[in-house]
Each structure stands twice: as C-alpha cells, then as structure tokens.
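Only one structure is covered here, and it is reproduced in the block below.
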Amino acid sequence: MSRVHDMGGRFGDGPVTPDAEDEPIFATDWHGRALAVTLACGALGQWNLDMSRHERERLSPKDYMRFSYYEKWMAGLADLLVETGVLDVADLSSADAAGAAQADGSHPLASRAMAAAAVPGVLARGGPSARDSDVVAHFEPGQAVRTRPRSESDLVAGGHTRLPNYAAGAVGRVLRLQGAHVLPDSNAHGLGEAAEPLYAVVFAASELWQAPEHPRDEVVLDLWQSYLEPA
Amino acid sequence: MKALETILARKGLIDPAALDAIIDTYENKIGPRNGAEVVARAWSDPGFLAALREDATAMVREMGFYGRQGEHMVAVENTPERHNMVVCTLCSCYPWPLLGIPPAWYKSDAYRARAVREPRQVLAEFGVHLPKETAVRVWDSTAEMRYLVIPMRPAGSEGMGLEALADLVTRDSMVGTGLARAVT
C-alpha cells in the first residue's frame, strides 16, 4: 500500500478540464512566488529533490486532497524548513510575521542564499540524477521483468518509492536502459544516492487494467533495477 | 505565503530579487516555444531527428534548452501506428526547459489518475479522437527522464520554414494530449 499521492488508475475523479494554450503560467501571483521560494530554498542545500517530493507525499491524505497544488508545495516547504532546522516552529507561527523583529540577515545559511544574478546559472545547470555506477545491469532490452509485488519502500516503512501501486506485481518488457540513476527510495531518506540501473519498462494495458480501452495500448514506466526481477 | 517569504527574506535566506528572476524566467523566457523549435527542426532535418532519437539531451542542449527538470530528455515520435502521451501519476514531472511550467490540467488529480487507465477517454476530453489502428503508449514519468512528444507533421506543411512549422506545434501536442495544428 502506498500513499495518497499514488493515484494512477483511480476511479471517480471526473473529467479533465483542458486550459487554453495562452492561459497565464501562474493563475495568481502567489503561485509564482510559491514556486520561486521553493526553488530558492532548495539552493540552501539542506535537502534534495527526492526529500522534497516525499515531504509533499507525507501530507495527511486529508490535507493532500484539500490543498491546491501550490498549497501542497508551501506545506511541504514549511515542513522541510522546520525538519532541517533552518527555521523553528516559532518562526512560522509568529502571528504577525511581517512585523517580526530583527531584519538581520544573520542566519548561518544566509551566505548560501541564491542571488538574483545566480538564477540563470542555477536553472540552466539543473540537477542531473545520472551517475557513474558499478552496479551491473541485470536486464537487457526485450527481456521480460516483473515488478515488486507491493508499491512499498523496502528501506523505510511508509518511505518514498517511485513504483506506483497500479504497476506493482506486473509483468512487462524492458524497452531501454536509461543508465544508472540516483535511487529515490534511498536518497529521500538521507541514506545515500545508491545509484543503480534504471529501465524504461513497457506494460500492456491489459496487464494493468481490468478493462483496457484497446488491445494494443501500453503504459511505460521508468523503474529502478531493485524494483524488478526476471519474469 | 507572503508571511513565509517575509520571514525567509528577513533572515537573509532568500533574495526577493532572485524570486522575481525565477518567476520572470518561467513566465517570459522558458516555455513551449522551445519545444516547438525542437519539433520543427525534427520535422525538417532527418539528420537532426536521427540524432534526437539517439541522444535527445545532447541535441536540445545544443539548442540551449537544457536545465532544471530537463536533465535527461527522451523524444518519442507519434506515427499512424502509435500515439504517445505523457503523464506523471505520482507528482507533476514535466520537461521544464522545453515546455515551461506544466498547465493546471497536467497537475490535476483527474489527469494523473485517468491518463494511464483510460487515455482515449481523456484524449476525447481534449477533442482528440484516434483511429482504431493507432495504439496509445502512455509514458508515466516515474524517474528523472523527461519525455517530449514529437507530433505527426500536418499534411500540407511541406516546404514550410522552421518558424512557420513551429507555429503549428502546440504545447498539448508535445505532451500528447493534442495534435499539431492543421495547415490553413
């Protein structure tokens, strides 16, 4: 069993509402601020991408479902800031934050704050997840593989994993080897990058769903080697 | 939101000018026009298309479209036999350097939940109806690989220049929830 974010295949959500191509990028100003604050805080170097994804997933199911997209980002960010000790709860709960004392800029991490001039470079550099690794690739394109029977982390109870529930215990075929990549299950919990081979694996829709729409439809997922066994 | 920003700024942890620069980047500099340029070139230049199939990351990097959330790119081509469509069921992974920040529908529960199980029904909600001969392949972005759909080149676009071709390429056609615009 996984968490509330793992919703692939779920019934009952109703229709998708497409946006016009020229819809504003951020529906309101604070959406843009939320994205920017999240990226800027990431530059402080106190957590990685997998940790920030897991933080949003760890919101209680009730909060996850009632929060809007950027509300989830803000809730996840506030939790990360407190858990890593960048801020304390008193900082966040001060009722009149704007009036709070001392605009001192003396936080120990202040020297790491992203300057405006650094923004283009930081965004252009990105954060690749491919690594050199001596973990041997066990599978090759065309080979049949079966995913783990459950979409659960085997490192941490209730921990982060990227095997969706709908693809657990399913048999597919390796489409391509994507190289070795940081393992989110480990990296999200500060257990090291543990890079290992990553594969694009293709599954027949009929392997995943009770009533596939078309006999030749397929779903492809990127899956780490430790999620897979020979089938 | 404003309160959190204020606290962080007061402690010197964020620079409000950096936030403005990030917002400006994604509002004005990085968006689906980048992806459209890649598609137009793939339609026009068989050598480029072949190289894109081999190593899309290197080819888009050469065009200046590398960066955050686009570190590992794969291009997938639509054909009469196969239509590709991209989703992230677990969160909202999307190729930022080529398409910008994802639209609301891409991040919606309905799209995340349904695109993998009933892609044709979802496509119908976008006004796209595929023929029976066309199989659908849905890519669930579960890792850091990011997928760019190369839509089919519209009939009647032979001889058009790169700029005009790029005008035919919509954001949705590069996610696979749309087709390229018809030539008018």
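Nothing in this text is a laboratory measurement; each read-out follows from the coordinates by a stated rule. Treat the numbers as computed from the prediction; the structure is a model and nothing was measured. Methodologically, a virtual Cβ is constructed for each residue, glycine included, from the backbone with ideal geometry; neighbour enumeration extends over all protein chains shown.
Couple of notes before you dig in:
- Exposure proxy order (Cβ contacts within 10 Å, fewest to most) of A:49, B:179, A:223: A:49, B:179, A:223
- Those chymotrypsin sites (Phe, Trp or Tyr not before Pro) in segment A:1-82 that DSSP places in a loop and that have at most 11 other beta carbons within 10 Å: A:11
- Candidates per GluC sites (Glu not before Pro) in segment B:116-170, loop by DSSP, up to 10 other Cβ within 10 Å: B:133, B:158
- The simple Förster model, with R0 at 45 Å and r as the Cβ-Cβ distance, assigns residue A:154 and residue B:158 a FRET efficiency of 0.25.
- All alpha carbon pair distances within chain A were sorted into 5 Å bins beginning at 0; the resulting P(r) in whole percents reads 1, 5, 10, 13, 16, 15, 14, 11, 7, 3, 2, 1, 0, 0.
- Part-to-part distance (alpha-carbon centres) for segment A:50-94 and segment A:175-231, which is given in Å: 27
- With an a/c value of 1.5 or above and a/b not larger than b/c for the gyration tensor axes a ≥ b ≥ c computed over the alpha-carbon atoms, segment B:1-129 is described as oblate.
- Beta bridge orientation in the protein assembly as shown: antiparallel %, DSSP, nearest 5: 55
- Footprinting exposure proxy for B:1, A:51, B:145 (fewest neighbouring C-beta atoms within 10 Å first): B:1, A:51, B:145
- Between the helical axis of B:32-44 and the longest alpha-carbon principal axis of chain B there is an angle of about 30 degrees.
- Magnitude of the charge dipole for segment A:111-231, about its Cα centre and with charges confined to Cβ atoms of Lys, Arg (+1) and Asp, Glu (-1), is about 280 debye.
- Centroid-to-centroid separation of segment B:56-123 and segment B:1-52 [C-alpha atoms, Å]: 16
- DSSP-loop GluC sites (Glu not before Pro) across segment B:37-112, with at most 11 other Cβ within 10 angstrom: B:81
- Dividing the helix sum by the residues of chain A, where each DSSP H run of 4 or more adds -39500 (n - 2.57), gives a mean residue ellipticity at 222 nm of -7500 deg cm²/dmol.
- Expected 222 nm ellipticity per residue - DSSP helices of 4 or more, -39500 (n - 2.57), all of chain B, to 500: -11000 deg cm²/dmol
- The relative contact order of chain A comes to 19 percent, based on Cα pairs under 8 Å that sit 6 or more residues apart.
- Relative contact order (percent, whole number), segment B:1-127, Cα cutoff 8 Å, 6+ residue spacing: 22
- Residues of segment A:1-18 with an amide N closer than 17 Å to a point placed 7 Å from the Cα of residue A:210 along the Cα-to-Cβ direction: A:8-14.
- Relative to the Cα centre, the charge distribution of segment B:1-148, modelled as +1 at Lys and Arg Cβ and -1 at Asp and Glu Cβ, gives a dipole magnitude of about 380 debye.
- Here the Gaussian network model covers chain A, with springs between Cα atoms less than 10 Å apart; of A:152, A:196, A:23, A:23 fluctuates the most.
- Rounded to the nearest 20, the size of the Cβ-charge dipole of chain A about its Cα centre is 320 debye, with Lys and Arg at +1 and Asp and Glu at -1.
- Förster radius 51 Å - calculated FRET efficiency between residue A:231 and residue A:79 (Cβ-Cβ, nearest 0.05): 0.85
- For residue B:107, the lysines whose Cα comes closer than 25 Å to its Cα, not counting residues fewer than 8 places off in the same chain, are A:62, A:72, B:2, B:29.
- Relative to the dominant Cα principal axis of chain A, helix A:69-83 is inclined by about 70°.
- Helix A:29-42 axis, angle to chain A major axis (alpha carbon atoms, nearest 10°): 80
- The calculated FRET efficiency for the pair residue A:140 and residue B:124, based on their C-beta separation and a Förster distance of 41 Å, comes to about 0.65.
- Spin-label pair residue B:51/residue B:167, simplified geometry with 7 Å Cα→Cβ offset, distance in nm: 2.7
- Residue among B:151, A:14, B:39 farthest towards the positive dipole end of the protein assembly as shown, charges placed on Cβ: A:14
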